[in-house]
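The values are calculated or read from the model by the stated rules, or taken from the named source; none is laboratory data. On a predicted model such as this, the values are computed, not experimentally measured, just so you know. Using ideal geometry, Cβ is built from the backbone for each residue, glycine included, and neighbour counts are taken over all protein chains shown.
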Amino acid sequence: MIKTGYVYLISNKYNTVLYTGVTSNLVQRIWQHKTGCHPQSFSCRYKLNKLVYFEVIEDIGAAIAREKQIKAGSRKAKGRLINKENPTWSDLSRDWYGE
């Protein structure tokens, strides 16, 4: 059985910092970012909890490779990815948790 993967970009309230991640459970992982369950993590220290971009990839191995590709790119390249799908940099997970 092939496990689906998700590559995602999160940002802070002001869109000044970006974090690229990969997971097999996007809803759970974003919840972890939003609740700060790992207080020493980069995303928690910089208050990165706004999902601004994600891709669904059918194979977790391919998702990991895609994450590395995105991470290797510049901030500008990441911005282009986000702007193409989410030009207002809205929180794509805003309705997921009944907040």
Among the candidates Lys68, Lys50, single out the residue that is out of contact with any Cys (no Cβ under 8 Å at 6 or more places or on another chain), among the basic types (Lys, Arg) and either more than 18 Å from Tyr97 (Cα to Cα) or modelled with pLDDT under 95 (or both).
Lys68
Quick one: how many residues across region 6-21 are of a type outside the set (Val, Ile, Thr) and either under 13 Å from Phe42 (Cβ atoms) or in contact (Cβ under 8 Å) with a residue 60 or more places away in the chain (or both)?
7
Considering residues that are out of contact with any Gly (no Cβ under 6 Å at 6 or more places or on another chain), in a helix (DSSP H, G or I) and surrounded by 11 or more Cβ atoms within 10 Å (Cβ to Cβ), the number found within region 56-79 is 13
Scanning for something under 15 Å from Leu92 (Cα atoms) and surrounded by fewer than 19 Cβ atoms within 10 Å (Cβ to Cβ), does region 41-48 turn up at least one residue?
no
Go through Ile30, Ile10 for me and flag whichever is among the β-branched types (Val, Ile, Thr), surrounded by 15 or more Cβ atoms within 10 Å (Cβ to Cβ), at pLDDT 95 or above and part of a helix (DSSP H, G or I).
Ile30
Across region 48-77, what is the number of residues that are under 11 Å from the mean Cα position of the chain (by Cα), among the charged types (D, E, K, R) and closer than 18 Å to Gly5 by Cβ?
2
